[in-house]
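The values are calculated or read from the model by the stated rules, or taken from the named source; none is laboratory data. Nothing here was measured: the structure is a model prediction, and the numbers come from that model. Every residue, glycine among them, receives a Cβ derived from its backbone with ideal geometry; neighbour counts consider all protein chains shown.
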Amino acid sequence: MINIGENEKSSLGRLMSSSLLIMVLTHMLVHAAGNMQTTLFPVLKEEFSLTYQQIGLIIAIPSLCQFLLSVPSGMVSDRFGPKKLIAASIVIAAVGALLGSVSMTPWMFILASTLLTFNSTLYHPPAQSYVSDITSPQNRSRALGIWHSGGTTGVSLGPLSITILMGLLAFSWRQIYSFWVIPILLGLVALYFVKPAAEMVEKEVRDSWDEGETVDTLLNSNMIFLLLSGTVRRFGGGLTTGFLSIWLAEAQGWTISQIGIMLGISSLIGIVASPLGGELASRYGEKRWFAATLFVSYAFFALAFFLKGYWPFMIAYITHGFFGILGMPANMTLTARLSPPKQRGVGFALASIPMNVVMPIAAIAAAYIADTYGLYPIFIATSVIYFIGLAILQIGVRIED
């Protein structure tokens, strides 16, 4: 049992319980297969003879399903506890990977992608709520940063597995999906050893935590502006999903292996960036740190598309990813802070809604831009929209760090 109470030391040893480590592992596994399709879009486009509009639909349909089920999953998490939903998300991820391995038509692949997207919808609210519940407010950014490093590792493993298995070992893309089924299911075995939050932290210790100023209503003004900022920023990011890899392959001459390396590294650096971001957010204040990291991240994103050559683009894009990950623990801590303590599951579910609402719209909009003006204007539009979302965060979210 974690003994946090009289001493609020932020040592790594206090945070790294076995349950938190298992949550890091499950976070990695639920993302691995689900983040391969972005790298595979050039291959899928050729094999299935897809148009830009059809690619937009492949991106949009899973996100629409996420939108419909986000809040219900958060409510179920708050009512029944996190472990059941996390277990269900792992099973769904395994089924999605299995279906991806036998997909012979675009619609079969869409169903596989929907399951692999929906599993994260089920997973994130209960997992984020659980990690928040077992750590004190002073250590929450640090713990969420450690937990988030598992997710960024999983996101990186998808593209990197394509580079290794497809680029070096001549696997087909379907075989790579089948490769992930067993590792994902092993997460169920690990989940059995995660202790309930009530066993991790005694009630007396929890009652002694200083939560600071808490909110009584979920949709308070700060939460609304945080969600609005996320909606705008996720719309910008949604424009590039699927189309960045196609642009790199068709206009810049990159191979699938090169794209996989770049996307994999830009997520793999989260092993360092996420815990570091949690530590720095706890020192400098969540909102201040989040806004600063977003500004640098977006500046490097815009810069990447004005640079020429493989290495300059890759370095700028990876730097963009590094600073984006640095800010994620602060974003999650802000969500926990702006949610009533007994509604954190719903609060985290609400935080995922912006992406799920705007991704279908962004995917269709990006397909229209690609058909009408070409691929490159998509990334310029994304840069502008990113900074608009940042301005909304800076002006609208008014809290004391």
query = Across segment 170-184, which residue is nearest to the chain's Cα centre (by Cα) among those that are surrounded by fewer than 17 Cβ atoms within 10 Å (Cβ to Cβ) and part of a helix (DSSP H, G or I)?
reply = P183
inquiry  = Conditions first: (1) surrounded by fewer than 22 Cβ atoms within 10 Å (Cβ to Cβ); (2) farther than 22 Å from S141 by Cα. F235 passes all but one, so which condition is the exception?
reply    = (1)
Qualifying residues in segment 191-204 (those that are surrounded by fewer than 17 Cβ atoms within 10 Å (Cβ to Cβ) and assigned to a helix (DSSP H, G or I)) - the one modelled with the lowest pLDDT = E204
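Confirm whether G5 is buried (at least 16 other Cβ atoms within 10 Å of the Cβ) and modelled with pLDDT under 85.
Working: buried (at least 16 other Cβ atoms within 10 Å of the Cβ): no; modelled with pLDDT under 85: yes.
The answer is no for G5.
For residues that are of a type in the set (S, T, Y) and touching a helix residue (DSSP H, G or I) at 6+ places or on another chain (Cβ under 6 Å), scanning just segment 297-322, find the one that is nearest to G389 (Cα to Cα).
Residues of segment 297-322 of a type in the set (S, T, Y): 297-298, 310, 317, 319.
Those left that are additionally touching a helix residue (DSSP H, G or I) at 6+ places or on another chain (Cβ under 6 Å): 297-298, 317, 319.
Details: S297: 13, Y298: 11, Y317: 19, T319: 20 Å.
Among those residues, the one meeting the criterion is Y298.
When segment 134-157 is examined, which residues are found to be assigned to a helix (DSSP H, G or I) and under 17 Å from L334 (Cβ atoms)? Spell out how you get there, then give the answer.
Quick first cut of segment 134-157, residues assigned to a helix (DSSP H, G or I) only: 137-157.
Selection gives P137, Q138, N139, R140, S141, R142, A143, L144, G145, W147, H148.
Matching residues to (1) in a helix (DSSP H, G or I); (2) at pLDDT 85 or above; (3) of a type in the set (D, E):
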position: L29; (1), (2), (3): yes, yes, no
position: V43; (1), (2), (3): yes, yes, no
position: L50; (1), (2), (3): no, yes, no
position: Q54; (1), (2), (3): yes, no, no
query = Which one is farthest from R142 (Cα to Cα), of the residues in segment 278-299 that are of a type outside the set (V, I, T) and touching a Phe, Trp or Tyr at 6+ places or on another chain (Cβ under 7 Å)?
reply = Y298
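Residue-by-condition table, conditions (1) under 18 Å from T39 (Cα atoms); (2) crowded, with 19+ Cβ neighbours inside 10 Å; (3) aliphatic (A, V, I, L, M):
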| residue | (1), (2), (3) |
| --- | --- |
| A251 | yes, no, yes |
| G264 | yes, yes, no |
| G278 | no, yes, no |
| F290 | no, yes, no |
| A299 | no, no, yes |
| L303 | no, no, yes |
| L326 | no, yes, yes |
| P329 | no, yes, no |
ask   = Would a scan of segment 158-169 turn up a residue that is in contact with a Leu (Cβ under 7 Å, 6 or more places away or on another chain), hydroxyl-bearing (S, T, Y) and not in a loop (DSSP other than H, G, I, E, B)?
value = no
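Being in a helix (DSSP H, G or I), in contact (Cβ under 8 Å) with a residue 12 or more places away in the chain and farther than 12 Å from V24 by Cα is the requirement here; does V131 meet it? Write out each step before concluding.
On the way: in a helix (DSSP H, G or I): yes; in contact (Cβ under 8 Å) with a residue 12 or more places away in the chain: yes; farther than 12 Å from V24 by Cα: no.
So V131 does not fit the description; no.
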ask   = Do we have T319 as modelled with pLDDT of 95 or more, hydroxyl-bearing (S, T, Y) and over 23 Å from I224 (Cα atoms) here?
value = yes
ask   = Using beta carbons and a limit of 6 Å, which pairs, at least six apart or on different chains, have the first residue in segment 371-389 and without any contact (Cβ under 8 Å) to a residue 60 or more places away in the chain and the second one assigned to a helix (DSSP H, G or I)?
value = P377/I369
